[in-house]
Amino acid sequence: MGTNQSSAKQYVYDVLETITKRNPNETEFHQAAKEILISLVPVMEKYPIYREQGILERITEPERLITFRVPWVDDNGKVQVNRGFRVQFNSTLGPYKGGLRFHPSVNASIIKFLGLEQIFKNALTGQPIGGGKGGSDFDPKGKSDWEIMRFTQSFMTELYRYIGPDIDVPAGDIGVGAREIGYLFGQYKRIRSGNEAGVLTGKGLGYGGSLVRKEATGYGCVYFVNEMLKSKGLDYEGATVVVSGSGNVAIYAMEKAMQFGAKVVACSDSGGFIYDKNGIDLETVRRLKEVERKRISDYTKEHPQAVYVEGCEKIWTIPCDIALPCATQNEIDEASAKLLVANGVKAVGEGANMPSTLEAIDVFLEAGVLFGPGKAANAGGVAVSALEMSQNSMRFSWRFHEVDDKLQEIMKNIYRDSIQASEEFDHPGNLVVGSNIAGFRKVADAMIAQGVI
Ligand code: NDP
Ligand code: 2IT
């Protein structure tokens with residue numbers, strides 16, 4: 001090992017140790033930082049300037065982390081208190097940009113892992129957006145529409161001070177969809193006494209939303225995996241696909257995979273999964289989950305040939321050619337990855353953020369499975385969010401095919417940039433290394449240009 005390489009490695013591990021000490025118990029944040037930083041060892045070796053400029057120390061420390069109280073009154077007249085978060089992680093490339101997650105598991109670690117990923121993902125899109133993320137430990141499950149509205153209004157009554165079309169632009173994530181964005185937008189507009197359309201993305205089409213935003217993450221993931229498949233002379237036609245989740249990302253990943261000729265045989269929610277050997281009927285899933293907000297288990301009432309199995313992680317026992325994890329972090333562990341490989345999986349595309357553990361990623365890479373990491377494969381959502389911001393600034397709307405064409409081009413560019421970086425840094429075809437390096441270099445070079453801030 002050359003001196004440069006060993007000292008580059010030492011630098012990376014020293015920074016990781018500081019992160020672990022400075023952010024105790026934040027296991028998801030440590031995991032995301034580890035995956036990214038270890039990929040960057042060859043970059044630190046080749047370009048010592050990043051070390052001289054303290055880029056890794058700076059890029060892993062959020063510019064600010066805001067936490068706040070969110071009080072609201074439930075339908076029984078009881079006062080409830082949740083905690084709100086917004087991490088404004090990195091503004092080098094543009095306004096902070098990233099979704100809001102409403103889920104009981106939300107804490108500083110979850111928000112910071114998502115925010116760190118978002119910096120690199122947003123850079124990969126080539127759009128002028130920095131990295132941010134937010135949310136609350138509020139649990140939307142079982143809440144009435146009025147409760148959702150009161151909660152989101154209270155959340156925005158504090159968040160509004162920190163955001164704006166040129167400052168920080170939130171959007172959806174788990175538990176935050178079109179309904180929540182509508183209430184958040186209404187409350188922001190009311191407080192600000194003016195219509196600043198570009199303050200949020202994922203808005204309804206009637207008030208500043210963009211065509212294709214709803215579909216963008218799922219479609220983008222399928223487009224990205226298509227690039228991976230093409231590199232090996234493969235395609236979706238006739239392929240068996242398993243998709244975890246049945247939310248925004250999962251539904252549109254299923255739709256596009258089916259349009260490409262694949263057979264999607266399973267999807268899930270946090271309770272369990274359904275297996276339909278005839279192919280999932282997407283209209284039923286969409287109605288159950290998007291409209292009626294029911295459980296995926298109800299699918300079998302309408303499709304008795306399908307099987308429901310309790311426990312969502314068991315979905316990975318189903319043999320498939322392509323696996324698209326589109327639910328949540330760490331949903332594929334080492335054992336599930338080994339099972340997928342043993343059952344002959346050819347490609348894995350992460351629609352969710354960090355759905356594979358570090359050990360699972362190693363299993364896929366060592367087995368030579370085509371692996372599209374989340375920050376590349378699921379970047380289509382935030383990319384179209386940036387296109388929504390552009391349209392809001394222009395006070396103009398592009399047509400469906402115009403946005404979809406731009407999305408396809410962006411996903412192809414992310415694939416190309418990531419492959420090129422993987423080749424330049426001696427890990428040809430490794431998209432984990434490639435996407436981390438390609439995203440990192442765009443941000444790091446701009447950070448150097450802007451001075452130590
Ligand atoms: P939704 O809330 O629309 O759907 C989430 C789905 O995942 C639901 O089916 C939900 O089940 C399931 N799920 C959520 N949490 C868990 C859990 N802890 N264990 C098992 N299943 C769970 O969210 P999205 O589809 O928007 O987000 C899914 C993933 O994609 C997340 O990782 C998100 O960060 C990522 N992502 C989202 C983007 C977007 O544009 N929305 C963009 C890029 C990434 P249930 O119905 O039971 O709650
Ligand atoms: O993880 C993500 O990229 C998102 N939830 C979408 C963020 C956005 O601003 O559209």
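The values are calculated or read from the model by the stated rules, or taken from the named source; none is laboratory data. Note that the structure is a prediction, hence the values are computed from the model and not measured. Please note: Cβ atoms are built from the backbone with ideal geometry, for glycine as well, and neighbour counts cover all protein chains shown. In case anyone asks, the SASA skips ligands and DNA or RNA and just uses the protein heavy atoms, side chains included. Shrake-Rupley method; radii C 1.70, N 1.55, O 1.52, S 1.80 Å.
Details
- Pairs with Cβ under 8 Å, 6+ apart, first in the range 168-196 and within 20 Å of Asn122 (Cα to Cα), second aromatic (Phe, Trp, Tyr) and crowded, with 20+ Cβ neighbours inside 10 Å: Asp168/Tyr96; Val169/Tyr96; Ile174/Phe102; Val176/Phe102
- Residues that are more than 16 Å from ligand 1 (Cβ to nearest atom), of a type in the set (Gly, Ala, Ser), open to solvent by less than 60 Å² (accessible area, probe 1.4 Å) and more than 18 Å from the chain's Cα centre (by Cα) are absent from the range 412-420 altogether.
- Exactly one residue out of Asn278, Asn248 is of a type outside the set (A, V, I, L, M, F, W, C) and surrounded by fewer than 24 Cβ atoms within 10 Å (Cβ to Cβ): that is Asn278.
- For the range 384-400, taking the residues that are over 17 Å from the mean Cα position of the chain (by Cα) and among the hydroxyl-bearing types (Ser, Thr, Tyr), the one that is nearest to Ser210 (Cα to Cα) is identified as Ser397.
- Of the set (1) open to solvent by less than 10 Å² (accessible area, probe 1.4 Å); (2) more than 21 Å from the chain's Cα centre (by Cα), all apply to Ala377 but (2).
- Subset of the range 148-183 that is within 16 Å of ligand 1 (Cβ to nearest atom) and acidic (Asp, Glu) - its residue that is least open to solvent (accessible area, probe 1.4 Å): Glu180
- If you go through the range 341-364 and keep only what is assigned to a helix (DSSP H, G or I) and under 25 Å from Ile110 (Cβ atoms), you end up with Leu358, Glu359, Ala360, Ile361, Asp362, Val363, Phe364.
- Single condition Glu255 does not satisfy, out of (1) under 18 Å from the mean Cα position of the chain (by Cα); (2) open to solvent by 10 Å² or more (accessible area, probe 1.4 Å); (3) more than 16 Å from ligand 2 (Cβ to nearest atom): (1)
- Test: residue in the range 158-173 that is in contact with a Gly (Cβ under 7 Å, 6 or more places away or on another chain), within 21 Å of Ile129 (Cα to Cα) and in a loop (DSSP other than H, G, I, E, B): yes
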